[in-house]
Amino acid sequence: MGTVTIGVAIAVPEPHGSLLQERRAGFGDAAAHGIPTHVTLLPPTEVDEADLPAVDTHLSGVAAAGRPFPMRLSGTGTFRPLSPVVYVRIVQGADACAWLQQRVRDASGPLARELQFPYHPHVTVAHGIEEAAMDRAFEELADFEAEWPCTGFALYEQGADGVWRKLREYTFGGSVVPPQPGHADVERGTIARR
């Protein structure tokens, strides 16, 4: 068994996810179609494939302790000149994202790691492209708005082709939101064993 590159993120639901992905591609970001629109909880991290069951157990525990919360996106921001990124801002739900990412990276868990920059939840819409295109992304999405109830997060793996694919979804615990019909675990009948 070798290593795999994984990430943990909150998916931006449809129709917003596809719209932002198309806009990102339209600004000239070649990586756009390989990266589902998301809010990062764990940046790309290399782990031993043999550790994936421990990662799954850890993330299940994080999700069980989580509760659904409202997410709202509004307007744009940028990390320039520190980092060549333009993003859509999270104006509601940022504190919950920060709480989640701390638990995902818990020092006692299998995903403990330091971050290159302080955590700042956001939705990337342009990365590493020409300055003029970055400016266009910043301006054209300045009026973007979206909101939804966040009910969980997902584990992703980056393939050899550079494309990120969802491995598993984790729904928040508690009685606030019942299990969602069609969820992979419901279909496999494994909810009862957790």
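The values are calculated or read from the model by the stated rules, or taken from the named source; none is laboratory data. None of the values given here were measured: they were computed from a predicted structure. Because the Cβ atoms are built from the backbone with ideal geometry, glycine has one as well, and the counts that use them run over all protein chains shown.
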One residue from Ala9, Ala25, Ala54 being in contact with a Ser or Thr (Cβ under 6 Å, 6 or more places away or on another chain) and at pLDDT 95 or above: Ala9
Candidate set: the stretch 1-22, residues that are part of a strand (DSSP E or B) and in contact (Cβ under 8 Å) with a residue 60 or more places away in the chain; chosen: the one farthest from Glu131 (Cα to Cα): Val4
Any hit, the stretch 102-117, residues being among the hydrophobic types (A, V, I, L, M, F, W, C), over 20 Å from Ala32 (Cβ atoms), at pLDDT 95 or above and touching a Cys at 6+ places or on another chain (Cβ under 9 Å): no
Given (1) assigned to a loop (DSSP other than H, G, I, E, B); (2) exposed (fewer than 13 other Cβ atoms within 10 Å of the Cβ), number of the condition Tyr119 does not satisfy: (2)
Hits in the stretch 65-79 (condition: under 13 Å from Pro121 (Cβ atoms) and in a loop (DSSP other than H, G, I, E, B)): Phe79
Qualifying residues in the stretch 128-148 (those that are in a helix (DSSP H, G or I) and not charged (D, E, K, R)) - the one surrounded by the fewest Cβ atoms within 10 Å (Cβ to Cβ): Ala132
Subset of the stretch 72-92 (residues that are of a type outside the set (Ser, Thr, Tyr) and over 22 Å from Ala11 (Cβ atoms)): Arg80, Pro81, Leu82, Pro84
Exclusive hit being under 17 Å from the mean Cα position of the chain (by Cα) and either in a loop (DSSP other than H, G, I, E, B) or free of Cβ contacts under 8 Å to residues at least 40 places away in the same chain (or both), set Ala98, Ala25: Ala98
Qualifying positions in the stretch 28-53 - assigned to a helix (DSSP H, G or I), aliphatic (A, V, I, L, M) and farther than 17 Å from Phe153 by Cα: Ala32, Ala50
